[in-house]
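Before any comments, here is the structure.
The values are calculated or read from the model by the stated rules, or taken from the named source; none is laboratory data. Source: prediction; values computed, not measured. Ideal geometry is used to build each Cβ from the backbone, glycine not excepted, and the neighbour counts take in all protein chains shown.
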Amino acid sequence: MQSALRLIFPPRCLGCGALVEADFALCGGCWRDAPFIAGARCDTCGAPLPGPAGPGAEVCDDCLKIARPWQAGRAAMVYTGTARKIVLALKHGDRTELARPAAGWMLRAGADVIRKDMIVAPVPLHWARLLRRRYNQAALLAQGVARGAGLCCCPDLLHRSRPTAALENAGREQRFAELAGAIRANPRRRREIAGKRFLLVDDVMTSGATLAAASEACLAAGAAGVTVLVLARVARDV
């Protein structure tokens with residue numbers, strides 16, 4: 001049966017749709033163009049840094065200027081090229097199957113900061129946006145990461161207390177102002193938050209405003225610590 005299905009629906013590249021040998025794979029060209037983050041990276045947000053990785057933790061200019069409420073952060077890719085195509089297809093194109101390979105890439109990127117005592121939680125969507133989109137891409141990624149790491153996932157740990165404007169073209173200050181107080185701990189989950197460590201998952205980090213609001217909501221509810229993990233990081237050229 002599987003052989004017959006492969007003849008009818010052969011595996012195709014996640015990036016360009018070309019034929020590939022295995023499901024959930026990239027073709028050679030898309031793999032070469034995929035901006036996976038390797039080498040030196042910011043220990044706080046995961047952004048790539050120039051030069052080879054050193055023995056100690058390094059921090060990017062943005063994280064030196066902005067106090068981050070989380071302890072460490074990792075990103076699998078830079079938000080450009082193939083990574084941008086995959087993120088947009090997952091987020092707006094109903095390509096929910098992309099969450100499976102993306103979660104695997106995120107697990108590799110976060111291998112050094114994921115702990116066995118963590119609970120995985122996604123950055124939430126407001127209910128109105130969730131109704132329009134029908135799914136939360138961050139929740140799909142969080143479930144995949146939790147499954148791969150053998151951790152518990154709490155998809156409703158946080159909720160958006162109010163809708164926020166689309167922020168694609170917004171600056172840093174506008175993003176932080178818009179997200180201030182917009183994410184809160186789910187009242188039904190407060191007892192499960194106190195004293196626990198959390199791995200917050202999202203698809204993209206731009207300024208870090210959304211992840212900061214989500215981290216602050218966890219800490220305000222008594223979380224012992226927060227680490228963040230994203231599929232892609234908007235980053236300056238290095």
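Determine whether residue 67 is outside any loop (DSSP other than H, G, I, E, B) and small (Gly, Ala, Ser).
Taking the combined requirement at face value, the residue does not satisfy it.
For the subset of segment 1-35 comprising residues that are of a type in the set (Asp, Glu) and either outside any loop (DSSP other than H, G, I, E, B) or under 15 Å from residue 98 (Cα atoms) (or both), which member is modelled with the lowest pLDDT?
Filtering segment 1-35 for residues that are of a type in the set (Asp, Glu) and either outside any loop (DSSP other than H, G, I, E, B) or under 15 Å from residue 98 (Cα atoms) (or both), the one modelled with the lowest pLDDT comes out as 23.
Any idea which of 46, 93, 104 is in the same structural domain as residue 135 (by TED's automatic domain parsing), in contact (Cβ under 8 Å) with a residue 24 or more places away in the chain and surrounded by fewer than 16 Cβ atoms within 10 Å (Cβ to Cβ)?
Checking each option against the conditions leaves just 104.
Is there a residue being at pLDDT below 95 and not polar (S, T, N, Q) anywhere in segment 143-158?
Within segment 143-158, none of the residues are at pLDDT below 95 and not polar (S, T, N, Q).
Check segment 60-75 and report whether any residue there is out of contact with any strand residue (DSSP E or B) (no Cβ under 7 Å at 6 or more places or on another chain), hydrophobic (A, V, I, L, M, F, W, C) and either closer than 22 Å to residue 146 by Cα or not assigned by TED's automatic domain parsing to the domain that holds residue 120 (or both).
No, segment 60-75 contains no residue that is out of contact with any strand residue (DSSP E or B) (no Cβ under 7 Å at 6 or more places or on another chain), hydrophobic (A, V, I, L, M, F, W, C) and either closer than 22 Å to residue 146 by Cα or not assigned by TED's automatic domain parsing to the domain that holds residue 120 (or both).
Looking only at segment 84-127, how many residues end up being over 26 Å from residue 189 (Cβ atoms), assigned to a loop (DSSP other than H, G, I, E, B) and of a type in the set (A, V, I, L, M, F, W, C)?
Final tally of qualifying residues: 1.
Please find, within segment 51-89, the residue that is surrounded by the fewest Cβ atoms within 10 Å (Cβ to Cβ) out of those that are aliphatic (A, V, I, L, M) and in contact with a helix residue (DSSP H, G or I) (Cβ under 7 Å, 6 or more places away or on another chain).
89
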